[in-house]
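Derivation of every value follows stated rules applied to the coordinates shown; laboratory data play no part. Since the model is a prediction, treat every value here as computed from it, not as a measurement. Neighbour counts are summed over all protein chains in view; Cβ atoms, including those assigned to glycine, are modelled from backbone coordinates with ideal geometry.
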Amino acid sequence: MSAPHGHCRYQLQSVNTVSLQSMLDIFKQELQAGEPSPRSKADITALIEEATNRLVASGAGKHALKVGDRAPDFELSDADCNPIRSSDLLARGALVLQFHRGAWCPYCNFELQSLQSFVPLFRNLRANVVAISPQTPTTSRKSIQENAVTFPILSDLKNVVAGQFGLNQAIPEYLHELYHMLDVSPFAEVGSHSNVLPIPARYVIAEDGVIVHADINPGYTQRIELLDLLPALCQAATRSRLAPWQNSPVAG
């Protein structure tokens, strides 16, 4: 099946179009049905719902970069401690940039796996894919292996780049309580001992550095579908010197 967007056409046969959000919803149901602590299932369910609702209501992310803003230049290390520059990535095409909280977050891992299924399609549209998290390169290497991804996961050890995008979020006490109940340690494998994590976010950045898609959601259990990025990638292509149907896919 092919889908048009103006002059831009993309082939969907090889893409896993299973809904990312449906996978997250199933995981959430399974999590709530389990027994991660002596607290009741009802308590766990209520705390998860309360945590996500309070995060959304808090206005977190309201100062994040949005469509039309220029993305900041950055340089971060990949899982092998090689420096990766955003300017080098944008010289090869548009950039799909995924901020995630770390390997400890199952919702983020599901999103990485779903993102991987779109990599061939995105590359055919001359777009690179990169994830950024506050975890160490060693943890990123483990995350790459466990989620079977081929794109870089870059280490933003002190959330500097996340801060430049307006995504830093101090973790409130009620979330610490929830993490303790679920036996997860958000700060065990990150490069900073601060109380800050990035808000899950996804950007599409055109070659000229302008943001053409921005999805920022403090409610970490909700993620938009990756198919929704395709119009933005086609828009990014119209801003570039060569449209994807006039040029070869990006390498790597």
### Query
How many nm separate the modelled label positions at Gln164 and Lys66, each set 7 Å beyond the Cα in the direction of the Cβ?
2.2 nm
### Message
Multiplying the sequence separation of Ser87 and Glu173 by 0.36 nm and subtracting their Cα-Cα distance, what value in nm do you get?
### Response
27.2 nm
### Query
Using the scaling law 2.2 N^0.38 Å as the reference, what is the normalised Cα Rg of region 75-147?
1.09
### Task
Please report, in Å, the Rg and the Dmax of region 127-167, where both are computed over Cα atoms only.
10.7, 29
### Compactness of region 55-211 - radius of gyration and Dmax, Cα, Å
15.1, 45
### Task
Could you rank the peptides 201-210, 223-232 by their average count of other C-beta atoms within 10 Å per residue, with the highest value first?
201-210, 223-232
### Ranked by how many other beta carbons lie within 10 Å on average, peptides 52-62, 120-130 from highest
120-130, 52-62
#### Entry: Rg over Rh [alpha-carbon atoms, Kirkwood Rh] for region 138-233
0.98
